[in-house]
Each structure stands twice: as C-alpha cells, then as structure tokens.
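Enquirer: Structure in structure tokens, see below.
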Amino acid sequence: SRLLPIAQQGEIILQQAAHAVVDVHAPAIQTLIDDMLATLLAANGVGIAAPQVFVPLRIIIVASRPNPRYPDAPLMQPLAMLNPEICWQSTDTYSGWEGCLSVPDARAPVNRANRLQVRYLTREGERMEADYAGFVARIIQHECDHLDGILFPERVE
Ligand SMILES: O=C(O)C[C@@H](Cc1ccccc1)C(=O)SCC(=O)c1ccccc1
Ligand SMILES: [Zn+2]
C-alpha cells in the first residue's frame, strides 16, 4: 500500500460531489481501498473518504477506536463502504466533538443523528444494510458528508 496525499480545506475536490463506483472488482478500486486504509492509519484517524485523497469516488472507510474524546468508542475492524446511502436516520440528534484530516487543528461540537441505517456495497461487491448508533454513526455521517462536498465546519450551528 501507498500513503496518499490528503487534500486540505480549500481544495476544490473537497467541495464537489463524488461519483458512484461502477466496478467494485476493478483492481484500481481494490488498490485505492488499501491505500486509503494505510493513509487513514498513518494519519491516526477514525475515518476517511476518497475525495480526501483526491479521488472523486463514493468510497469511505470507517475505523472507530477508543480515543481521548470518545474513550468508550467501539474498537472495530476498519470497514470500507462503497456507494454508501444513509437510508434512515433518527430525528434525535446529539452533539459531539469532531475533527477532520482535511481541516487540521480544528475541533468543534457537531449535532448528528444518534442512529442511522446505511446501505452500501462491501469491497467484495456484497450488498449490505446495517444499523449504527453513537460514535460510529457520527463517523459515517461525517464521511458521507465528504462524498457530497460538505466539511464539518459547515455543520457547526
Ligand atoms: O476527516 C475525516 O474524515 C477523519 C476524521 C473522522 C471523524 C472524527 C471525529 C468525528 C467524526 C469523524 C478523523 O478521524 S479526525 C481525527 C480523530 O481521530 C478524532 C478527532 C476528534 C474526535 C475523535 C477522533
Ligand atoms: Zn473529515
């Protein structure tokens, strides 16, 4: 795997909507997922979206782990979601700290839905639908915002 450059706030790619992945099995897609994971881990993040590494495709990786701000966050195997769609989210929201690999040195409380249902393709091309809550749901909302060109400061009320 390769470490990829991370786009910083101001790069136009971060303000654009990304395109759906057509062929999940394409070698370039599989390599990209591996490189996104390596980049995420090297950056010590809990999530990453393809536009953040200058690729306008609807691919995110969710990798919750306990951290100083969320000590009870679940430790999960990093999960790649291709063409993720939040198909339901709770109306009840809660505020929580967020940061962004593309907005360095910024931390702010953001209101997010507490629970959601997401439909996505796995990197093997399997169609999945899953429910998430709490910090993992927060990460998914943050990453899906990246796919629509939205950065978390735009969500700060
Ligand atoms: O820019 C990204 O998508 C990565 C971002 C994901 C994220 C963090 C916190 C809430 C929602 C989404 C990060 O991983 S920032 C670095 C980090 O690990 C962290 C920052 C603040 C709170 C908790 C974790
Ligand atoms: Zn971010």
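Enquirer: Considering only the stretch 10-19, how many residues are touching a strand residue (DSSP E or B) at 6+ places or on another chain (Cβ under 7 Å) and open to solvent by 60 Å² or more (accessible area, probe 1.4 Å)?
Expert: 1
Enquirer: Select from the stretch 1-27 the residues that are touching a Phe, Trp or Tyr at 6+ places or on another chain (Cβ under 9 Å) and in a loop (DSSP other than H, G, I, E, B) and list them in ascending order.
Expert: Correct list: Leu4, Pro5, Ile6, Ala7, Glu11.
Enquirer: I would also like to ask the following. Count, please, the residues in the stretch 30-50 that happen to be out of contact with any strand residue (DSSP E or B) (no Cβ under 9 Å at 6 or more places or on another chain), more than 13 Å from ligand 1 (Cβ to nearest atom) and of a type outside the set (D, E, K, R).
Expert: 3
The values are calculated or read from the model by the stated rules, or taken from the named source; none is laboratory data. Predicted model, so just to flag it, every value in this text is computed and none were measured. For neighbour counting, all protein chains shown are included, and Cβ atoms are generated from backbone atoms with ideal geometry for every residue, glycine included. Calculation scope for accessible area: heavy atoms of the full protein, side chains included, ligands and nucleic acids excluded. Shrake-Rupley method; radii C 1.70, N 1.55, O 1.52, S 1.80 Å.
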